[in-house]
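Chemist: Dropping the structure in here first, questions after.
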Amino acid sequence: MITCTYNLTNENVTLTKYILDSSFDNREGYKRPAVLVCPGGGYGMCSNREAEPIAMYFLAMGYNAFVLRYSLNENSMFPQPLDDADEAMQMIIDNADEWLVDVNKIAVCGFSAGGHLAAAIGTMGKIRPAAMILGYPCITKDICNDCDVLKNHEKVPVLDDKVDSNTPPAFIFASSDDGLVPIRSSVKFAEALGENKIPYEMHIFSEGGHGFSTADYVTCDGMYEISASKWIPLCRDWLYKLFYKTID
């Protein structure tokens with residue numbers, strides 16, 4: 001694995017790459033699909049639990065991975081975080097030959113407020129990803145206005161009404177016992193996708209709360225809900241059908 005962190009234009013914004021060494025499977029020069037990870041944290045922090053551990057899981061699936069630590073706190077008013085994401089996407093594309101990334105198969109994966117940013121990339125970004133993976137995202141108008149995650153961010157865009165024909169397919173997961181971001185946030189966004197005939201897959205787990213990340217011992221320190229961890233293999237299979245089914 002090759003890893004390196006790059007400073008982006010805005011203050012304290014970084015992009016960390018995790019690139020698989022193509023020699024390990026005798027596929028020198030093979031361009032892989034990639035996942036851009038946006039950790040959660042209410043635009044006040046970027047959760048470490050939703051950063052490198054997520055990248056490692058995607059690496060194990062055969063993807064190159066990138067973690068975006070975007071603008072936070074006083075710097076987090078939109079469109080600045082989306083500008084960070086646009087810059088990250090452009091940087092990945094500009095370096096695709098060196099980093100061996102298939103530019104037509106870049107997914108974005110976000111959690112909570114990072115799920116909001118990931119959905120913003122998919123609905124408003126200058127460069128739309130090929131897929132969105134949204135973990136317990138804070139997306140809809142009533143949630144953005146009322147929930148503790150984003151209530152202090154006056155300019156946070158509502159995203160269920162931004163879905164259009166160019167929005168990429170989505171994989172959405174959350175838990176019905178989430179006490180911070182009500183499940184209707186995910187449901188309303190899924191409804192908007194359906195109304196616009198955008199393919200999606202959604203999994204609502206009975207337990208997990210908010211911020212369960214990988215929902216295993218890697219990120220939950222022994223306190224985890226094993227059923228919620230199934231989003232990872234379910235997402236793997238969904239991405240496989242989306243990215244690999246047309247490959248000869």
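Derivation of every value follows stated rules applied to the coordinates shown; laboratory data play no part. Only a predicted model underlies this, so the values are computations on that prediction, with no experimental measurement involved. No Cβ is skipped: glycine too gets one built from the backbone with ideal geometry, and neighbour counts run over all protein chains shown.
Chemist: Between their Cα atoms, which of Lys31/Lys197; Lys17/Lys197; Lys126/Lys197; Lys105/Lys197; Lys17/Lys188; Lys17/Lys230 are more than 28 Å away from each other?
Modeler: With Cα atoms farther than 28 Å apart: Lys31/Lys197; Lys17/Lys197; Lys17/Lys188.
Chemist: Sticking with this one: Kindly express, to the nearest 10 degrees and within the range 0 to 90, the angle between helix 80-94's C-alpha long axis and the longest C-alpha principal axis of the chain.
Modeler: 20 degrees
Chemist: Rounded, prolate or oblate: pick one for region 75-123, where a ≥ b ≥ c are the square roots of the eigenvalues of its C-alpha gyration tensor, a/c under 1.5 means rounded, and failing that, prolate if a/b is larger than b/c, else oblate.
Modeler: Prolate shape, in that a/c is at least 1.5 and a/b is the bigger ratio.
Chemist: Ok, one more. What number, in percent, do you get for the relative contact order of region 14-73 if the mean sequence gap of Cα pairs under 8 Å and at least 6 apart is divided by its residue count?
Modeler: For region 14-73, the relative contact order is 48 percent.
Chemist: Out of Ser112, Ser47, Ser165, any idea which swings most in a Gaussian network model of the chain, alpha carbons joined below 10 Å?
Modeler: Taking springs between Cα atoms under 10 Å, the residue moving most is Ser165.
Chemist: Exactly which GluC sites (Glu not before Pro) in region 6-73 are in a DSSP loop and have at most 11 other Cβ atoms within 10 Å?
Modeler: Glu11, Glu28
Chemist: Given the DSSP H assignment, sum -39500 (n - 2.57) over each helix run of at least 4 residues in the chain and divide by its residue total; what's the result at 222 nm in deg cm²/dmol, nearest 500?
Modeler: One gets -9000 deg cm²/dmol as the mean residue ellipticity at 222 nm.
Chemist: I've got another one for you. If you average over every viewing direction, what projected area does the convex hull of the Cα atoms of region 1-127 give, in nm²?
Modeler: 6.9 nm²
Chemist: Now, a different point. When only DSSP loop residues count, what trypsin sites (Lys or Arg not before Pro) in region 183-240 have their Cβ near at most 13 other Cβ atoms within 10 Å?
Modeler: Lys197
Chemist: A further question on this structure: What is the spread of the Cα atoms of region 1-74 along each of their three principal axes, largest first, in whole Å?
Modeler: Cα extents, longest axis first: 47, 23, 15 Å.
Chemist: So which chymotrypsin sites (Phe, Trp or Tyr not before Pro) in region 29-58 are both in a DSSP loop and have at most 16 other Cβ atoms within 10 Å of their Cβ?
Modeler: Tyr30
Chemist: Taking the Cα centre as origin and putting +1 on Lys and Arg beta-carbons and -1 on Asp and Glu beta-carbons, what dipole magnitude results for region 63-111, to the nearest 20 debye?
Modeler: 240 debye
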